[in-house]
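Everything on this sheet refers to the single structure shown next.
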């Protein structure tokens with residue numbers, strides 16, 4: 001099979017190689033998937049780059065955790081009727097911060113546990129399906145981990161990002177009033193298209209003050225946070241008493257120091273979201289909810305750019321550059 005791989009960490013153009021590897025075989029409890037699209041997440045490029053001291057966990061790595069395609073074979077203990085099923089995949093290359101699996105979705109074929117290949121809604125393309133494992137499931141967990149948001153006000157930081165855009169749509173579908181922060185007019189338009197009720201330009205406005213104006217001084221019930229290290233002071237100022245900050249990253253500062261008593265005085269809840277560590281029952285609920293939202297037209301995955309496998313290094317650089325209004329996907 002044709003695939004991309006690397007044997008050392010470093011810049012994308014220096015370490016990513018396109019080549020041939022032996023075709024995988026579905027073992028017991030596994031399915032073999034013909035990959036049509038491979039989604040790229042920040043975790044994928046960080047792992048490849050050796051970000052924050054990450055080391056190689058395997059001699060050779062085929063990158064990317066998310067992908068979509070169709071099942072072409074099954075192993076023992078898997079229903080043969082699944083052959084031909086369109087699926088999206090999660091955690092295919094292994095959990096962030098753990099050794100995980102060596103071989104991800106940047107390949108023509110992948111064998112992985114059957115439960116990690118989920119039926120792809122008919123309303124979604126393979127490219128969209130390749131963006132469900134991390135962006136959509138992380139958004140689902142961040143929005144609904146503590147129950148319904150119906151009648152609540154939710155602040156989504158980075159509302160035009162891959163996770164943020166899904167979170168806006170999910171919170172809106174869940175009956176929440178959604179406030180989104182963005183950094184430019186194009187991002188504002190993208191967030192509004194996702195259903196955000198109000199938009200705050202974080203580079204031009206005082207986010208906390210604007211939130212308090214919009215909520216008549218009460219603050220928001222829930223914050224979906226893309227960078228806790230950069231924004232925790234704003235988040236706690238914008239949060240109502242006993243509200244929750246659900247943060248799924250802290251890229252700018254992996255070891256943030258925050259004002260404990262600012263949090264304590266509001267009885268604030270801090271939930272750290274890890275898309276690779278969602279409990280099984282909640283993951284299954286999320287899979288069902290994603291399918292329902294897609295069928296209803298309430299969840300649309302934005303694709304910023306697609307790249308052929310041969311240009312995977314350019315695709316990685318596009319993710320690292322940021323500012324994409326949608327996901328970056330490699331097609332096979």
(Q) I need the full set of residues from the range 304-322 which are farther than 22 Å from residue 3 by Cα and touching a residue at least 12 places away in the same chain (Cβ under 8 Å), in order please. (A) 304
(Q) Of everything in the range 1-28, what is at negative phi, in a loop (DSSP other than H, G, I, E, B) and in contact with a helix residue (DSSP H, G or I) (Cβ under 8 Å, 6 or more places away or on another chain)? Give them in sequence order. (A) 7, 8, 9, 11, 16
(Q) Can you say whether residue 167 is buried (at least 24 other Cβ atoms within 10 Å of the Cβ) and in a loop (DSSP other than H, G, I, E, B), as far as the supplied structure shows? (A) no
Q: Specify which of the listed residues (68, 123, 139, 106) is touching a helix residue (DSSP H, G or I) at 6+ places or on another chain (Cβ under 7 Å), over 24 Å from residue 274 (Cα atoms) and touching a residue at least 60 places away in the same chain (Cβ under 8 Å).
A: 123
Q. Quick one: how many residues across the range 259-290 are farther than 19 Å from residue 141 by Cα and surrounded by 14 or more Cβ atoms within 10 Å (Cβ to Cβ)?
A. 3
Q: May I ask you to verify whether residue 182 is crowded, with 24+ Cβ neighbours inside 10 Å and closer than 13 Å to residue 164 by Cα?
A: yes
Q. Can residue 31 be described as over 26 Å from residue 321 (Cβ atoms), crowded, with 19+ Cβ neighbours inside 10 Å and more than 19 Å from the chain's Cα centre (by Cα)?
A. yes
**Q.** Among (1) in a helix (DSSP H, G or I); (2) touching a residue at least 24 places away in the same chain (Cβ under 8 Å); (3) over 15 Å from residue 224 (Cα atoms); (4) not assigned by TED's automatic domain parsing to the domain that holds residue 33, the one test that residue 192 misses
**A.** (2)
Q. Being under 23 Å from residue 290 (Cβ atoms) and under 19 Å from the mean Cα position of the chain (by Cα), is that true of even one residue in the range 71-87?
A. yes
**Q.** Test for residue 207: is it under 19 Å from residue 160 (Cα atoms) and touching a residue at least 60 places away in the same chain (Cβ under 8 Å)
**A.** no
Q) Right, residue 102: surrounded by fewer than 24 Cβ atoms within 10 Å (Cβ to Cβ) and over 20 Å from residue 332 (Cα atoms) or not? A) no
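The values are calculated or read from the model by the stated rules, or taken from the named source; none is laboratory data. Because the structure is a prediction, the values reported are computed rather than measured. With ideal geometry, Cβ positions are generated from the backbone for all residues, glycine too; neighbour counts draw on all protein chains shown.
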